[in-house]
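First up is the structure itself, then whatever we jot down about it.
The values are calculated or read from the model by the stated rules, or taken from the named source; none is laboratory data. Every value quoted in this text rests on a predicted model; they were computed, and no experiment measured them. As a convention, Cβ positions derive from the backbone with ideal geometry for all residues, glycine included, and neighbour counts pool all protein chains shown.
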Amino acid sequence: MRTSGSRAAYGDAGRSDASGRHRNPFLHRRHHFQEGLPGVTVRSPFRGAAAHRHPILGPYEAVWRANACDAETRHAGSSGGVLTALSIWNLESRGGESHTVAPSSREPRRAVPVSLMSKEQALASASSRYAPVAAARDVTAMSGQEAVVSKPCETASMRAMVDEGAGPLLLSFFCAGTPNQTATDDVITRLGGEPEDVVKLRYRGMGWPGKFSAALSDGAVVETEYDDSWGRTLGPSVPWRCRTCGDGMGESADLVAGDLWETDERGYPLFEELEGYSVLIARTQRGVEAARAAAAAGYIQLEPVSVEEVLAAQPAQVARRERLMGRLVATVLMGLPITRYQGFGVLRESGKRPRAIYKEALGAAARLRARGYDWAGGRVRPVLSKLRGR
Ligand SMILES: Cc1cc2nc3c(=O)[nH]c(=O)nc-3n(C[C@H](O)[C@H](O)[C@H](O)COP(=O)(O)OP(=O)(O)OC[C@H]3O[C@@H](n4cnc5c(N)ncnc54)[C@H](O)[C@@H]3O)c2cc1C
Ligand code: SF4
């Protein structure tokens, strides 16, 4: 079993004496615990192995514009319905098992992890759920016939559990962050609905990008556009961990999908409703083979697309990745823990634009202070007061 990192992120837990023994058995245990936590250290696992490497997009074998061939699947999906089509292909063509998340039948405002048994179940699981849900599985006992769809951070954690090429096919999507659960209720309330009355909820899909839509128990439906639900309420509730995420484009996945739309500078789509397209990136040869097999079997349609076109559709992901160092520095200066990104070229990218990094750090520090954090977690203030009192 591989672990995700070799160093602890918090302090010097795990420091050894000259004989190689750990001085403190508690720190020793904590060190090994942290080594196994992908949230502490995330590696870009294919950086040396993939045929291509782009400083922002990361390592890749192939990049396509893609959509589900089946019109129902394409319509139900967030963008091109590609991840759902791949889950269905894995079930039907490979006779494997597909795992992802879907709305809970008891509480439609919540998502739960599911193992799909049929195309109908896959369609019910399609599209994005902008709320917390754990999709990661224990992949150590899973076979190569299985496929798991999850967020990039979850995919990284599963990738760290199995040797390269082993375990299930790992599918992921571009991710700007997970809004908190109450943000969903806030959108419903703002639209005049009662959260407890919701019997069916979609964040998008059924069009591209599709509307946030909540069906209520009295038959009424409250809905709003994507840029209103995400831009006003869901997006602002994303936690700081996601704002300092360097793996939003899923570098640990075999295949990762995202939106391939024309956007404004914030990343919002410039058009109304169209038939959706996803970008599909194969990060591994296994991903290339799976995508080509699904295309040959008539589940997805693929055509090559340039990296430039993909990045033009993802201004928010590009900006977050280019300026990540500024946010990380501000986070450290506020005395908060950060995730280490190994092999993502964070340092190299920041060296290209020091002024932007500086401005980003100042902005991030101001945002953290507005959230109630203080420089060095408040540890500097008493020292300064003492010095001033002398
Ligand atoms: C929190 C979040 C943030 C996102 N941020 C971006 C972004 O910044 N840029 C971008 O291009 N795309 C983003 N997406 C992804 C995008 O919405 C589409 O999922 C992606 O374009 C793939 O579309 P598709 O039609 O191929 O997928 P679909 O066919 O719709 O399949 C989506 C799959 O993801 C699963 N899924 C949905 N929500 C979750 C969740 N919360 N956790 C785990 N699995 C889930 C579904 O069950 C399904 O299997 C985000 C999605 C989520 C959930
Ligand atoms: S932004 Fe990063 S840390 Fe946050 S949910 Fe997405 S992949 Fe995970």
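Table for the structure above
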item: Complete set of residues in the stretch 193-207 that are modelled with pLDDT of 95 or more and part of a loop (DSSP other than H, G, I, E, B); result: Gly193, Glu194, Tyr203
item: Enumeration of residues in the stretch 215-236 that are surrounded by 18 or more Cβ atoms within 10 Å (Cβ to Cβ) and more than 24 Å from the chain's Cα centre (by Cα); result: Ala215, Leu216, Val222
item: Verdict on Leu123 being over 28 Å from Asp163 (Cβ atoms) and either surrounded by fewer than 16 Cβ atoms within 10 Å (Cβ to Cβ) or not small (Gly, Ala, Ser) (or both); result: yes
item: Residue in the stretch 176-185 that is within 16 Å of ligand 2 (Cβ to nearest atom), within 20 Å of Ser87 (Cα to Cα) and in a loop (DSSP other than H, G, I, E, B) present; result: no
item: Matching residues in the stretch 310-349 - criterion: being without any contact (Cβ under 8 Å) to a residue 60 or more places away in the chain and out of contact with any strand residue (DSSP E or B) (no Cβ under 7 Å at 6 or more places or on another chain); result: Ala312, Ala319, Arg323, Met325, Gly326, Val329, Ala330, Val332, Leu333, Met334, Gly335, Leu347
item: The stretch 341-367, residues that are hydrophobic (A, V, I, L, M, F, W, C) and assigned to a helix (DSSP H, G or I); result: Val346, Leu347, Ala356, Ile357, Ala361, Leu362, Ala364, Ala365, Ala366
item: Which numbered condition Tyr130 fails, given (1) crowded, with 20+ Cβ neighbours inside 10 Å; (2) at pLDDT below 95; result: (2)
item: Single condition Gly207 does not satisfy, out of (1) within 12 Å of ligand 1 (Cβ to nearest atom); (2) within 30 Å of Val42 (Cβ to Cβ); (3) not charged (D, E, K, R); result: (2)
item: Any hit, the stretch 97-109, residues being more than 26 Å from Ala214 (Cα to Cα) and not β-branched (Val, Ile, Thr); result: yes
item: Test set (1) under 23 Å from the mean Cα position of the chain (by Cα); (2) of a type in the set (A, V, I, L, M); (3) part of a helix (DSSP H, G or I) - Ile338 fails condition number; result: (3)
item: Selected residue [within 9 Å of ligand 1 (Cβ to nearest atom), surrounded by 15 or more Cβ atoms within 10 Å (Cβ to Cβ) and among the β-branched types (Val, Ile, Thr)] from Val149, Val198, Val139; result: Val149
